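For reference, the structure discussed in these notes is given below.
The values are calculated or read from the model by the stated rules, or taken from the named source; none is laboratory data. In this text the structure is predicted, and so the values were computed from the model without any measurement. A quick note on method: Cβ atoms are made from the backbone with ideal geometry, for glycine too, and the neighbour counts reach across all protein chains shown. The protein model used for the area step is the full one, side chains on, heavy atoms only, and it has no ligands, DNA or RNA in it. Shrake-Rupley method; radii C 1.70, N 1.55, O 1.52, S 1.80 Å.
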Amino acid sequence: MDMTVINQALKDVACDVVIVGAPRAEKGQESRELVRFPFAQELDQILDGLITSMYARGEFKGNVGETAQIYSMGKLAARLVIVVGLGSAEKLQNHMFRRASGVATRLAQSKGAGLVVLALGENSVEGLQAVVEGALLGTYRFQKYQTAQDTTRKTEKIQFLSKSAEDKGAQEALKRGTVMAEAANFARDLVNEQPAVLTPGELARRAADMAQQTGMEYTILERPQMEELGMGGLLAVAKGSAEPPRCIILRYQGAPGERAVALVGKGITFDAGGLSLKTAAGMETMKGDMGGGAAVIGAMQIIASLKPAINVLGLVPTTENMPDGASYRPGDILRLMNGKTIEIVNTDAEGRLALADALSYAVKEGCSPIVDIATLTGGCHIALGGRRAGLFCNNDQVSSELMKAGESAGELFWPMPLDEEYGENIESQIADVRQTGGRYGGAINAAKILEHFIGNADWAHLDIAGMEFAEGKQHYMQNGATGFGARALAEFVLRRAKK
Ligand code: BES
Ligand code: ZN
Ligand code: ZN
């Protein structure tokens, strides 16, 4: 995508579609509100008051992501105008700009607009960054397997209209927004890819290619090295699969000598449940069970591109979870990398086993904080409804930083408990710990298992089950993978580096 920031009068802008942002107007305030949005006001004048009359009739309310299409009939150089709602003028937040930009740019693309101009009237650096992200996230498509080619033209060029186009800040916003969104789209490609193609080996290859392109150190562990390290969890899950497991290690160094932050992502490329086989319906979306891993790989791409002064270790333990004569079984007792033993109850609770070894690896490397991200439990999806991801954390400072990073990225979290009492659910009669703790509080029980493998590190666990795919259209997300977590994790790391 070719993108530039320009400063020009609306009526002179030559393009296929021009997108203009307008606020939600409270009753009787239409024109007064518009005055605060110079582009909307300018457009209203060019169109002889058409926008104010749309407000007056209640035809356009200005809710976030609401759109109205107006053919310009030669009144301005652009063929089509899309007016997009920004929500309440009192509470304009960056994620409103991101949403409005995403919805409107996608609509423009569906009209075959090759050149789109976005005039949302936002001039703050973060606001412009959000607009850029929205445009790139909104126009993303995964069409690799559609042989009947979509004939509508892809949007090739976007210009952002801003009064401060010449400022250094505008260029910075353009760069950061592009880097963030491209990495999120890379994560979406990984999750959207079919599981027969995106095997653990292929996931590792794509991560390695990215590391090479961004000049980041990487190591891909294979079975013999995992055996040497004692990664009994990841290896047990992999036993039932014809595809060999991998452990992807990405190392970004921006502050030599300092303690590294670790990002750990669950990379189950397909979760059939193993011998505790899932139902057909339960398996339908299980190519997305590497969504946490994709988020870590995406976040590492952002970090390696923007080069903050901080060290980050990215870890993605990856395997399939399949039923087979060689599969691990309920009743098996595994010894994991940190020496603890775990009694297997249900082979479908595989994510915690793969993560446990990667967490132990991060602890051994001396990392802190350690943040893991995983499509870990159906229970978390049920609890939070797919609108927020669960945040479990043993450190208030880290928790608050993650909440803020999530808000800034428009990838929202919600705090969940880790009380000692929940630990009783996972006591075992035969091993150090029991793999599952029953149905009630399933997301918390899973987090309590992970807690056994984090040593003395500050730690946060993000349960993103249900966030990896968007159902229907959610603002800038289409049906399909969201890349959830890549931008929030990167934002968390970038903010840490500033201090
Ligand atoms: N990958 C699933 C969790 C999941 C479910 C992610 C739905 C996304 C959407 C995970 O491996 C799993 O199967 N968890 C079980 C654990 C149970 C057996 C203790 C679950 O949540 O039911
Ligand atoms: Zn599972
Ligand atoms: Zn799983």
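Computed values, structure above
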{"quantity": "Subset tally (residues that are more than 16 Å from ligand 3 (Cβ to nearest atom) and aliphatic (A, V, I, L, M)) for segment 368-405", "calculated": "9"}
{"quantity": "Verdict on G378 being within 14 Å of ligand 1 (Cβ to nearest atom), open to solvent by 10 Å² or more (accessible area, probe 1.4 Å) and of a type outside the set (D, E, K, R)", "calculated": "yes"}
{"quantity": "Near pairs, Cβ below 8 angstrom, 6+ apart or cross-chain, from segment 475-499 (free of Cβ contacts under 8 Å to residues at least 12 places away in the same chain) to any residue that is open to solvent by 20 Å² or more (accessible area, probe 1.4 Å) and basic (K, R)", "calculated": "N479/K473"}
{"quantity": "Flag for K278 being basic (K, R), assigned by TED's automatic domain parsing to the domain that holds V191, touching a residue at least 40 places away in the same chain (Cβ under 8 Å) and more than 10 Å from ligand 3 (Cβ to nearest atom)", "calculated": "no"}
{"quantity": "Segment 262-293, residues that are assigned to a helix (DSSP H, G or I) and touching a Leu at 6+ places or on another chain (Cβ under 9 Å)", "calculated": "M283, K287, M290, G291, G292, G293"}
{"quantity": "Odd one out for A262 among (1) over 13 Å from Y361 (Cβ atoms); (2) away from ligand 2 (no atom under 13 Å from the Cβ); (3) of a type in the set (G, A, S)", "calculated": "(1)"}
{"quantity": "From the options V312, V345, V296, residue that is away from ligand 2 (no atom under 16 Å from the Cβ), modelled with pLDDT of 95 or more, not acidic (D, E) and not in a helix (DSSP H, G or I)", "calculated": "V312"}
{"quantity": "Residues that are more than 16 Å from ligand 1 (Cβ to nearest atom) and among the small types (G, A, S), drawn from segment 264-323", "calculated": "G298, A299, A304, S305, A309, G314"}
{"quantity": "Condition broken by R259, with the remaining ones in (1) away from ligand 3 (no atom under 16 Å from the Cβ); (2) open to solvent by less than 30 Å² (accessible area, probe 1.4 Å); (3) in a loop (DSSP other than H, G, I, E, B) satisfied", "calculated": "(2)"}
{"quantity": "T341 closer than 29 Å to G423 by Cα and within 16 Å of ligand 3 (Cβ to nearest atom)", "calculated": "no"}
{"quantity": "L234 within 16 Å of ligand 2 (Cβ to nearest atom), in a helix (DSSP H, G or I), in the same structural domain as N479 (by TED's automatic domain parsing) and under 26 Å from F484 (Cβ atoms)", "calculated": "yes"}
{"quantity": "Residue check, A165 part of a loop (DSSP other than H, G, I, E, B) and either touching an Asp or Glu at 6+ places or on another chain (Cβ under 7 Å) or crowded, with 18+ Cβ neighbours inside 10 Å (or both)", "calculated": "yes"}
{"quantity": "Hey, A183 closer than 24 Å to A294 by Cα, in contact with a Lys or Arg (Cβ under 8 Å, 6 or more places away or on another chain) and not in a loop (DSSP other than H, G, I, E, B) or not", "calculated": "yes"}
